[in-house]
Amino acid sequence: MRVVRSQSGASFIEVVTAVGLFALVAIGLSPALLSARKVADLGKDQSIATALAQDKIEQIRQAASVSNDSDGPLQPNGSANGIFSRNWTVTADSPTVGVNRVDVTVRWRERTSTSDQAITLVTLVPQ
């Protein structure tokens, strides 16, 4: 009499093939994941830079008189020793008498890049 055994589980060849296929897919997706990470970091830094520029504009609006200046390096919360630097230019009576044009530029160096990034916000403030 012949005994029939049920085959359950996977053979060694099937396991090796599955692991190899997973490795190929993972290697193929890694550049896309790295690129997505870089874009996310850039977006985060742009948001921080915009907030730092808006904070300076609000400080200028509250001040009695303001001159051109700069500060930095700044951390995201505005304290010292970060990757952001900020400078502002106040142009009196521009575009009309009694109104100042304020340009605030925030610069930073990306952690993964050798080039500087910058954003500039422009607003008008009554004198």
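The values are calculated or read from the model by the stated rules, or taken from the named source; none is laboratory data. A quick note: this is a predicted structure, and the numbers were derived from the prediction, not measured. Methodologically, a virtual Cβ is constructed for each residue, glycine included, from the backbone with ideal geometry; neighbour enumeration extends over all protein chains shown.
This table checks each residue for (1) aliphatic (A, V, I, L, M); (2) surrounded by fewer than 16 Cβ atoms within 10 Å (Cβ to Cβ); (3) in contact with a Cys (Cβ under 6 Å, 6 or more places away or on another chain).
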residue: Ser67; (1), (2), (3): no, yes, no
residue: Ala80; (1), (2), (3): yes, yes, no
residue: Val90; (1), (2), (3): yes, no, no
residue: Arg107; (1), (2), (3): no, no, no
residue: Arg111; (1), (2), (3): no, yes, no
residue: Ile119; (1), (2), (3): yes, no, no
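A quick yes/no check of all residues on (1) modelled with pLDDT of 85 or more; (2) under 12 Å from Val106 (Cα atoms); (3) not in a helix (DSSP H, G or I):
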site: Val3; (1), (2), (3): no, no, yes
site: Ser6; (1), (2), (3): no, no, yes
site: Ala10; (1), (2), (3): no, no, yes
site: Val15; (1), (2), (3): yes, no, no
site: Ala18; (1), (2), (3): yes, no, no
site: Ala23; (1), (2), (3): yes, no, no
site: Ser35; (1), (2), (3): no, no, no
site: Leu42; (1), (2), (3): no, no, no
site: Gln54; (1), (2), (3): yes, yes, no
Matching residues, the stretch 105-127, being hydrophobic (A, V, I, L, M, F, W, C), under 24 Å from the mean Cα position of the chain (by Cα) and more than 30 Å from Ala36 (Cβ to Cβ):
Val122
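Results for (1) surrounded by 14 or more Cβ atoms within 10 Å (Cβ to Cβ); (2) under 18 Å from the mean Cα position of the chain (by Cα); (3) farther than 24 Å from Leu124 by Cβ, shown as yes or no for each residue.
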| position | (1), (2), (3) |
| --- | --- |
| Ser8 | no, no, yes |
| Ser11 | no, no, yes |
| Leu21 | no, no, yes |
| Ala49 | yes, yes, no |
| Asp93 | no, no, no |
Out of all the residues in the stretch 27-41, is one or more closer than 30 Å to Leu124 by Cα, in contact (Cβ under 8 Å) with a residue 12 or more places away in the chain and under 19 Å from the mean Cα position of the chain (by Cα)?
no
